[in-house]
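Here is the structure we will look at, set down as structure tokens.
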Amino acid sequence: MKQTKLTRRQAVRLTGAGLLSGLAFSKPALARLSPGIDYREVREIQSITPHSKQVTEVFFYGCPHCYNLQESLYNWLETKPNHVNFERMPAVLNNQSWIFMARVYYAADDLDISEQSNRTFFDALHRDRLPLTSLGTIAEFHSQFGVTSEQFIQSFNSFKVDQAVRRAQRRTQAYGIDGVPSLIINGRYLTDLTLSGGHQPLWQNVNTLLNLEA
């Protein structure tokens, strides 16, 4: 988790900036992004096959910055073109709480309730401050989405979820994730709130990077 700080250069770039909702950017717009300042290449480029364009949200349920990103993220999802695939991926660092929360996400995903549960679970943790710290309380919380607590616990402990968490751990390392939230574009580029300078320019950078040729 990282605090958002604006450099002088980023602050100047934000003056009068508007949120770009489409992907039809001119070449001058692309030229404004500077590697190492607005974005960086990931440590190991990852395939996005069968998709041609993809944005991956890398997050941790315990991260307040990830929670605060959700509103602008959902606004972006309402405007993104259909051909841009979006996926969520919990970051898996060498900490049991990150592994635990990754299993929570993948259990919900395995039960086909993650689209319903994701934002509600974030709200419960950060807005409502509910004491959802044990598998039992989290399983009971997810029962509001049409599954039983027993089904959630079974999925949480399943081999399928174990494999999903291991894959997320490998990808976390391959992307070179050192803080969340991070956004991976086309398996190649990484940007975040610190690099972009805030929520509005973050999505502008995401849209621009989607069209940036390798």
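Every number here is computed from the coordinates shown, using simple stated rules; none is lab data. Since the structure is predicted, the reported quantities are computational estimates derived from the model, not experimental observations. Because the Cβ atoms are built from the backbone with ideal geometry, glycine has one as well, and the counts that use them run over all protein chains shown.
For region 126-156, the set of residues classified as under 23 Å from HIS65 (Cα atoms) and charged (D, E, K, R) consists of ARG127, ASP128, ARG129, listed by residue number.
Of all residue pairs spaced 6 or more apart or on separate chains, those with beta-carbon atoms under 7 Å, a first member in region 112-132 that is on the phi < 0 side of the Ramachandran plot and a second member that is of a type in the set (A, V, I, L, M) and assigned to a helix (DSSP H, G or I) are SER114/ALA108; SER117/ALA108; LEU130/ALA124; LEU132/ALA124; LEU132/LEU125; LEU132/ILE138.
Here region 76-123 is the region considered, the condition is being touching a strand residue (DSSP E or B) at 6+ places or on another chain (Cβ under 6 Å) and among the aromatic types (Phe, Trp, Tyr), and the residue that is nearest to PHE60 (Cα to Cα) is TYR105.
May I ask you to list the residues in region 49-86 that are within 15 Å of the chain's Cα centre (by Cα) and surrounded by fewer than 13 Cβ atoms within 10 Å (Cβ to Cβ)? Answer for region 49-86, where residues must be within 15 Å of the chain's Cα centre (by Cα) and surrounded by fewer than 13 Cβ atoms within 10 Å (Cβ to Cβ): PRO64, GLU71, TYR74, LEU77.
Could you say whether any residue in region 164-175 is within 27 Å of SER97 (Cβ to Cβ), buried (at least 17 other Cβ atoms within 10 Å of the Cβ), hydroxyl-bearing (Ser, Thr, Tyr) and touching a residue at least 60 places away in the same chain (Cβ under 8 Å)? There is at least one residue in region 164-175 that is within 27 Å of SER97 (Cβ to Cβ), buried (at least 17 other Cβ atoms within 10 Å of the Cβ), hydroxyl-bearing (Ser, Thr, Tyr) and touching a residue at least 60 places away in the same chain (Cβ under 8 Å).
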